[in-house]
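To start, the structure under review is shown below, and the notes come after it.
Values quoted throughout were computed directly from the atomic coordinates according to the rules given, and no laboratory measurement underlies them. Here the structure is a predicted model, which means the values were calculated and not measured.
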Amino acid sequence: MPMCLADAIEAFLKSALESQGSVVMRRRELAERFRCAPSQINYVLMTRFAWGDGYVVETRRGGAGFIRVTRVKLPQRADLRELVAELGDAVTQEQAGALIRLIWQAGLVTAREAALMMAVVRRESIAVPLPDRDRVRGSLLRAMLLEVLDRGGEAVDVPGV
């Protein structure tokens with residue numbers, strides 16, 4: 001069965017990532033290699049190399065434009081403090097979900113904890129209009145991540161429960 005264009009581009013980039021750890025290319029050159037429009041490269045980057053799947057994609061458009069795809073290793077407990085420090089004031093629902101999935105995949109939280117965290121950052125749970133909603137979500141996510149750091153994976157007693 002022939003490979004579709006998106007699959008071929010994804011396979012090429014993932015192969016390069018395995019051998020090099022990071023791929024830096026000009027979008028136009030990659031489009032020429034696969035005889036496609038640059039927008040098709042964008043589609044593959046957006047759908048197959050998401051942050052929540054462990055990839056960081058940096059792009060710059062224009063004449064000196066480029067794409068850089070880097071595979072991110074799953075965080076360890078020590079890395080979590082750095083992730084919290086890098087967390088911006090405002091966090092979108094998609095960014096929060098990706099980070100929660102990442103720390104769950106790394107075994108830093110249980111599936112139940114991840115589900116509870118997802119429920120808290122969900123759009124419906126924060127009845128505040130944008131852009132304040134993203135700031136509230138960022139604050140809540142930061143508080144949950146710091147709690148994960150502080151407790152070190154141990155169960156805690158909740159007073160009055």
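Couple of notes before you dig in:
- Seen through its C-alpha gyration tensor, with square-root eigenvalues sorted a ≥ b ≥ c, the range 15-147 comes out prolate because a/c lies at 1.5 or above while a/b is bigger than b/c.
- For the range 103-117, 3J(HN,Hα) per residue [Karplus equation, 6.51 cos²θ - 1.76 cosθ + 1.60, θ = phi - 60°, Hz, x = Gly/Pro]: 6, 5, 4, 7, x, 7, 9, 7, 4, 5, 4, 4, 5, 5, 4
- For the range 5-71: rounded, prolate or oblate by the Cα gyration tensor [a/c cutoff 1.5]: rounded
- Potential lengthening between Asp132 and Thr110 on full extension [0.36 nm per residue; Cα-Cα distance subtracted]: 5.0 nm
- The stretch between Asn42 and Phe12 holds 9.4 nm of extra length on full extension. This uses 0.36 nm per residue minus the Cα-Cα distance.
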